[in-house]
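Undergrad: Structure incoming, see below.
Values quoted throughout were computed directly from the atomic coordinates according to the rules given, and no laboratory measurement underlies them. Bear in mind the structure is a predicted one, so any value in this text is a computation, not a measurement. Note that each Cβ is placed from the backbone with ideal geometry, even for glycine, and that neighbours are counted across all protein chains shown.
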Amino acid sequence: MTNHWIDLKNSDCILIMGSNAAENHPISFKWVTRAQEQGAVVIHVDPRFTRTSAKADIYAPLRSGSDIAFLGGMINYILENDLIFKEYVVNYTNASFIVGDKYDFKDGMFSGFNAETGKYDKSAWAFALDEKGAPKRDNTLADPRSVYQLMKKHYSRYSLKNAVDMCGTPEAKLLEVYKAVASTGKPDKAATSMYAMGWTQHTVGVQNIRAMSIIQSLLGNMGVAGGGINALRGESNVQGSTDQALLFHIIPGYLPTPSTAEKSIEDYLKKVAPVSKDPKSMNWKKNQPKYAVSLFKSFYKNAAPAQAFDWLPKLDVGRDYSWLTLFDQMGKGAFKGFFAWGMNPAVSGANSNKTREAMTKLDWMVNVNIYDNETGSFWQGPGMDPKKIKTEVFMLPCAVSTEKEGSISNSGRWMQWRYQGPKPLGDSRPDGEIIYELAQKVRELYKKQGGAFPEPVLNMNWEDMGNGHEFDVHKTAKLINGYYLKDVSVKQPDGSMKVFKAGTQVAAFPALMDDGSTCSGNWIYCGSYVGPDPKDNRAAKRSKEQTPAQAAIGLFPNWSWSWPVNRRIIYNRASTDLTGKPYAPQKPVLAWNGKGWDIDVVDGGGAPGSVHPFIMQVHGMAALFGPGLNDGPFPEYYEPLDCPVASHPYSKVLHNPTALKFKGEELNVCDPRYPFVCTTYRVTEHWQTGLQTRPQPWLLEAEPQMFCEMSEELAALRGIKNGDKVTLDNQRGKLWAKAIVTKRFKPFIVQGNVVHEVGIPWHFGWRWPEDKSGGDAANLLSPSVGDPNTGIPETKAFMVNVRKA
Amino acid sequence: MSGKSFFVDLTKCTACRGCQVACKQWKKLPGEKTVNTGSHQNPPDLSATTLRVVRFSEMELEGKMHWFFLPDQCRHCLDAPCKSGASLPDSIIQDPDTGAVVYNEKTAKEDAATIRSSCPYDIPRVNKKTKVISKCDMCNDRVKAGKLPACVQSCPTGTMNFGDRDAMLSLAKKALETAKKKYPDAQLVDEESVRVIFLTQNKPGLYAKTLMADATPTRRTYTRQEALAALTRPLRAFLG
């Protein structure tokens, strides 16, 4: 979230799209309801009328996978009717930037596409630079090569009619939504966006969110109270796990993973330090070499930074290591062993049969979880013959979250310290302990036996995470914050020198250095644990102390700690004009007092107007034109790879040409065998793959079985009655479900034809409940195709058949 | 002593069912073996082991889709017809401090059908094995210890409120005023005669037939005890 949960109450218009917040983030509705009580309009856009829709002021249906037609139409509506917040757009976005000559867009394709590799050369989308090397600008926005004009032209194709035709949303509803959101283009109004996997799990997932970012930037809704782009994270600590780089392409603090393209640390540091020649651009990422070196020093504190870098594992250039690729490679026998740690891929991953089959190719699997699951027991699952499977599975029972001390980071980026409640049950142990001990044992083996490349293993800094035998959560949290490795003298503003002794905790990331004198396990968390004692752990703060101005916007700076530097609303500088005056005087996020800024921690610093507000962007401006993504600088409409139409009105290119695909994956385009759109979702009563909730009787009784929601029209077509057992199938798999025939699902009229859609929940699996009455995984039907930027599978829109069982 | 009351603002209920589960947790009640019957409402009804259930009711009205949610529970009537309908003087008692209507093991000696049919809201349920009749007891143990009922504590949206009756009545009236601006048909249900005051955004009958007391005896024939109980029953027309 750019903002945080409480801040939802400050909004004038809440667009919930790609999310079913009332059901899947129940606590969010505390704040949505507060906003609504104060007159905010709540909008829900979703294929199905849900518990969220029931509370919304406007409900608009749309066919799964057609979001860019809906959002592109909104961009066009805003531009055609000139509803933008112009001062903000000119000063704070890249609307005025001139795009270079190589950029072009023709019939669904951007310039720079290489048909052989299936990839774009992104240098074709570069900005035109002036003689100093800063982007050329036209603040009148009239230049035909300005971002504003190119964007206007790009979205001129996104007519209401096209949106109605592809989304199946009634025109009146579309207009109602467009008007409500666009009405917040006034300086003192804000709309917010709440989204979740309904936007991300598509082959255009990142571009769905980009489209909304464009809308929010055009309306001046970024950096303000009640605004922003708010990703509702699926698990309470998913924000924390992403921050700590539980993904292949980043290392902690969102630094890129080193690859074989960087032959030395110098190459890497150059790569992570972008250059801007605009003197008003803070270009914060220019500091990344300091954060990278401090990170390497946290891994290898006794080694020189260059040595530490050499010891790090590197990605092979151009190779994808995301989820789908991992299981594709596992299926080809590319590796022998697999840790399924707090994960249940036999249920959670797309194309379950492919995933489960891949596991049979492993020699061993270690399943770390609180219960046995469909993954650990895959060898005795449906369709498996245990006699023919060689994989040896080791089950390591781990403690549940309440049984251990540590921090979780919520969607609003609050790092919240939690204490241990009950002791872990039986022989189960906290994950940290398991990892720590495993590392000690591996080191012992390397010490005894040597090995191909022992140095990185033997030199790793484990002493700052435990005592050599036991994991220490406070030591680890202090290492994540970072400390001085040598005595360092720093010149103070008054000219005097201050010495920070080796071993002293670093106060905040501006103090980190690239010469090896500081370490920090994650720069964005630098400032969270600033002294030797547990009382210096800011994540543990629980004070409601606040100023009246902070109270007015529900900002609690002394309750836990938020990255970065306890800033609660990021890009908050954009909430004020160039003189520091808040655009929304009734709910200011910042106030310039003549010397400094009050209320929130300001983005950047310095006097009003001295720096551009979007400090994490190279040129300091919100990116209407985003030349960094793999599938284009503007979101463009493409159908899901499984889809019910043969064409669309935006171009001749049916699918995202850069989508992640695999050989042998058959796709369903207008295939009469699989005529219905299917989407997946969650219910309040179950959690993730259901492993924690399916064995829980009070939750299981509320949602006991796999179900399939469908319209009365589809049910009539297939002779299905409410409560009947039905089967869903396609060439990937088959499953049964109980039919919920409901008026809450309606057929869509798409390009003049009736398109039926059904929905199934994600949480079920054959292992629990133990009497096998629950059903099996929704992902038996979903395809192994993914977004070209993230690799996230397209599990929100695919094609199936539905029959009475 | 005016005792305690709940105020339940249904305009805010998202049917998250936190209250349904919290009730079972505090009361240590077992989960039931259920199946999906084509509805999200589950368990399908109240039972001796399910003292509160969230009822789901979906319909189109004038072309607009509605989904009404009702966390159903004992209303703790000021003059409880079930107590009047009981044959023993002490199987159903009313706590003089809180006003909670509390059933004990002696209800096993009562005629369960009579007790159930005496309730205008169709709440009491009998345990088929022990014959003890069960329903919500206002978490009287928690309330006496200064805590909120488990259901109220679990509610994320401000739907469930609990406190002194006067405070809850004034909260209810204030909330009604606000709700009326958005929902002209909003109303408080039987607020003069019960301790669980629901605010509906539409006609109560759209949520469930038993949300509001029905003065006309259409559901079943009156028994002698029921006729007696009817004398003290809230006389409010069924408006749904």
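Undergrad: How many Cβ atoms of partner chains, on average, are near each residue of A:27-38 if near means within 10 Å of its Cβ?
TA: Partner Cβ neighbours, averaged per residue: 4.
Undergrad: Testing the spin-label approximation: label points 7 Å from Cα along Cα→Cβ at B:Lys106 and B:Asp45. State their distance in nm.
TA: 2.9 nm
Undergrad: Further question: With just the Cα atoms of the range A:717-799, tell me how far they stretch along each of the three principal axes, in Å, largest first.
TA: So the extents along the principal axes, rounded to whole Å, are 45, 39, 23.
Undergrad: On a 0 to 90 degree scale, rounded to 10, what angle separates helix B:18-27 from the longest Cα axis of chain B?
TA: 20 degrees
Undergrad: Now for a separate question. What is the angle, in °, between the Cα long axis of helix B:165-182 and the longest principal axis of the Cα atoms in chain B? Nearest 10 is fine, range 0 to 90.
TA: It is inclined by approximately 30 degrees.
Undergrad: Could I ask something else about it? Would you mind ranking A:Cys398, A:Cys678, B:Cys23 so that the residue whose beta carbon has the fewest other beta carbons within 10 Å leads the list?
TA: A:Cys398, B:Cys23, A:Cys678
Undergrad: Pairs to check: A:Lys189/B:Lys12; B:Lys27/B:Lys174; A:Lys725/A:Lys746; A:Lys541/B:Lys27; A:Lys179/B:Lys181; A:Lys119/A:Lys663. Give those whose C-alpha atoms are more than 26 Å from each other in this structure.
TA: B:Lys27/B:Lys174; A:Lys541/B:Lys27, as the Cα separations exceed 26 Å there.
Undergrad: Next question. As a footprinting exposure proxy, order B:Met59, B:Met65, A:Met212, B:Met168 by other Cβ within 10 Å, with the fewest listed first.
TA: With the fewest neighbours first, B:Met59, B:Met65, A:Met212, B:Met168 line up as B:Met59, B:Met65, B:Met168, A:Met212.
Undergrad: Pulled fully out, how much extra length does the chain show between A:Thr504 and A:Lys535, if you take 0.36 nm times their separation in residues and subtract their Cα-Cα distance?
TA: 9.7 nm
Undergrad: Within 10 Å, Cβ to Cβ, of A:Arg145, how many net charges do the neighbouring residues add up to if Lys/Arg are +1 and Asp/Glu are -1?
TA: Neighbourhood net charge equals -2.
Undergrad: If the limit is 27 Å between Cα atoms, which of B:Lys4/B:Lys129; A:Lys587/B:Lys203; A:Lys132/A:Lys153; A:Lys804/B:Lys33 go over it?
TA: In this structure, B:Lys4/B:Lys129; A:Lys587/B:Lys203; A:Lys132/A:Lys153 exceed 27 Å between Cα atoms.
Undergrad: Rounded to the nearest Å, what's the spacing between the alpha carbon centres of the range A:78-100 and the range B:87-125? Just the number, please.
TA: One Cα centre to the other: 68 Å.
Undergrad: Specify the inter-centroid distance of the range A:632-685 and the range A:712-765, based on alpha-carbon positions, in whole Å.
TA: 18 Å
Undergrad: Could you tell me the calculated FRET efficiency between A:Arg319 and A:Ser111, based on Cβ-Cβ distance and R0 = 45 angstrom, to the nearest 0.05?
TA: 0.95
Undergrad: Moving on to the next point. Roughly how many nanometres apart are two label points built 7 Å out from the Cα toward the Cβ at A:Lys595 and A:Lys486?
TA: Label-label distance for A:Lys595 and A:Lys486, simple model: 3.6 nm.
Undergrad: Averaged over its residues, how many other protein chain Cβ atoms are within 10 Å of peptide B:37-44's Cβ atoms?
TA: 6
Undergrad: While we're looking at this one, here's another question. Output the Kirkwood hydrodynamic radius of the range B:95-166, Cα pairs only, in Å rounded to one decimal.
TA: 13.9 Å
Undergrad: Would you work out which of B:Leu171, B:Cys155, B:Ala100 lies farthest towards the positive end of the dipole of the range B:72-188? Charges go on Cβ: Lys and Arg +1, Asp and Glu -1.
TA: In the range B:72-188, that residue is B:Cys155.
Undergrad: In addition: Can you give me the Cα centroid spacing of the range A:170-226 and the range A:533-589 in angstrom?
TA: 24 Å
Undergrad: Looking at the protein assembly as shown, what % of its DSSP beta bridges pair antiparallel, to the nearest 5?
TA: Of those bridges, close to 65 percent are antiparallel.
Undergrad: Take the Cα gyration tensor of the range A:485-578, multiply each eigenvalue by 5, square-root it, and list the three semi-axes largest first, rounded to whole angstrom.
TA: After diagonalising the Cα gyration tensor, the semi-axes are 28, 18, 13 Å.
Undergrad: First measure r as the distance between the Cβ atoms of A:Glu37 and A:Ile749, then evaluate 1/(1 + (r/R0)^6) with R0 = 56 Å and state the FRET efficiency to the nearest 0.05.
TA: Given R0 = 56 Å and the Cβ-Cβ separation, E is 0.95.
Undergrad: Taking a ≥ b ≥ c as the square roots of the eigenvalues of the Cα gyration tensor of the range A:657-805, is the shape rounded (a/c under 1.5), prolate (a/b larger than b/c) or oblate?
TA: Oblate shape, in that a/c is at least 1.5 and b/c is the bigger or equal ratio.
Undergrad: Using the C-alpha gyration tensor of the range A:540-601, what are the square roots of 5 times its eigenvalues, in whole angstrom, with the largest one first?
TA: For the range A:540-601, the ellipsoid semi-axes come out as 21, 12, 10 Å.
Undergrad: From the helices alone, meaning DSSP H stretches of at least four residues, give me the mean residue ellipticity at 222 nm for the protein assembly as shown, per-run term -39500 (n - 2.57), in deg cm²/dmol to the nearest 500.
TA: -6500 deg cm²/dmol, from helical runs alone.
Undergrad: How large are Rg and Dmax for chain A when calculated on the C-alpha trace, in angstrom?
TA: 26.4, 84
Undergrad: Under a crude label model (7 Å from the Cα following the beta-carbon direction), how far is A:Ala552 from B:Lys33 in nanometres?
TA: The two pseudo-label positions are separated by 6.1 nm.
Undergrad: From the backbone phi of the range A:779-788, what are the Karplus-calculated ³J(HN,Hα) couplings (6.51 cos²θ - 1.76 cosθ + 1.60, θ = phi - 60°) in whole Hz, Gly and Pro given as x?
TA: 6, 4, 9, 8, x, 8, 9, x, 5, x
Undergrad: So if I average 1/r over every pair of distinct C-alpha atoms in the range A:151-234 and take the inverse, what Kirkwood radius in Å does that give?
TA: When all Cα pairs of the range A:151-234 are included, the Kirkwood radius is 14.0 Å.
Undergrad: Just the ratio, please: alpha-carbon radius of gyration of the range A:584-671 over 2.2 N^0.38 Å, N its number of residues.
TA: 1.85
Undergrad: Okay, next question. Find the all-direction average of the projected area of the Cα convex hull for the range A:1-111, expressing the result in square nanometres with one decimal place.
TA: Dividing the Cα hull surface by four gives the mean projection, 9.4 nm².
Undergrad: Hey, another quick one. Short version: ³J(HN,Hα) in whole Hz for each residue of the range A:604-621, in order, from phi by Karplus 6.51 cos²θ - 1.76 cosθ + 1.60 (θ = phi - 60°), x for Gly and Pro, what are they?
TA: Values per residue, Gly and Pro as x: x, x, x, 6, x, x, 7, 9, 5, x, 8, 5, 7, 8, 3, 9, x, 10 Hz.
Undergrad: On to the next question. Between A:Trp736 and A:Ala304, 0.36 nm times their residue separation minus their Cα-Cα distance comes to what?
TA: Fully extending the segment from A:Trp736 to A:Ala304 adds 149.7 nm.
Undergrad: Kirkwood Rh over alpha-carbon pairs of the range A:500-552, then Stokes-Einstein at 4 °C and 1.567 mPa s: what D in µm² s⁻¹, rounded to an integer?
TA: 100 µm²/s
Undergrad: Could you state the per residue volume, in Å³, of the convex hull enclosing the Cα atoms of the range A:383-452?
TA: In the range A:383-452, the Cα convex hull volume per residue is 230 Å³.
Undergrad: A further question on this structure: For chain B, which semi-axes, largest first and in whole Å, follow from the square roots of 5 times the eigenvalues of its Cα gyration tensor?
TA: Equivalent-ellipsoid dimensions as semi-axes: 26, 20, 20 Å.
Undergrad: Kirkwood hydrodynamic radius for the range A:37-168: how many Å is it when counted over pairs of different Cα atoms?
TA: 17.5 Å
Undergrad: Ranked from highest to lowest mean number of other Cβ atoms within 10 Å per residue, what is the order of the peptides A:173-180, A:773-780?
TA: For the peptides A:173-180, A:773-780, the packing ranking is A:773-780, A:173-180.
Undergrad: Once the piece of chain linking A:Asp577 and A:Asn139 is laid out straight, how much longer is it, given 0.36 nm per residue of separation minus the C-alpha distance between them?
TA: Taking 0.36 nm per residue and subtracting the Cα distance, the gain is 156.1 nm.
Undergrad: Arrange B:Leu61, A:Leu512, B:Leu148 by Cβ neighbour counts within 10 Å, fewest through most, would you?
TA: Final ranking by Cβ density, sparse to dense: B:Leu61, B:Leu148, A:Leu512.
Undergrad: How big is Rg to Rh over the range B:118-224, alpha-carbon atoms, Rh as the Kirkwood inverse-mean-distance radius?
TA: 1.00
Undergrad: Can you tell me the FRET efficiency between A:Glu171 and A:Ser651 if r is taken as the Cβ-Cβ distance and R0 is 25 Å, rounded to the nearest 0.05?
TA: Rounded to the nearest 0.05, the efficiency is 0.65.
Undergrad: Any idea which of A:Tyr638, A:Phe614, A:Val653 is furthest toward the positive side of the dipole for the range A:591-662, if Lys and Arg beta-carbons carry +1 and Asp and Glu beta-carbons -1?
TA: Positive-most Cα among the choices belongs to A:Val653.
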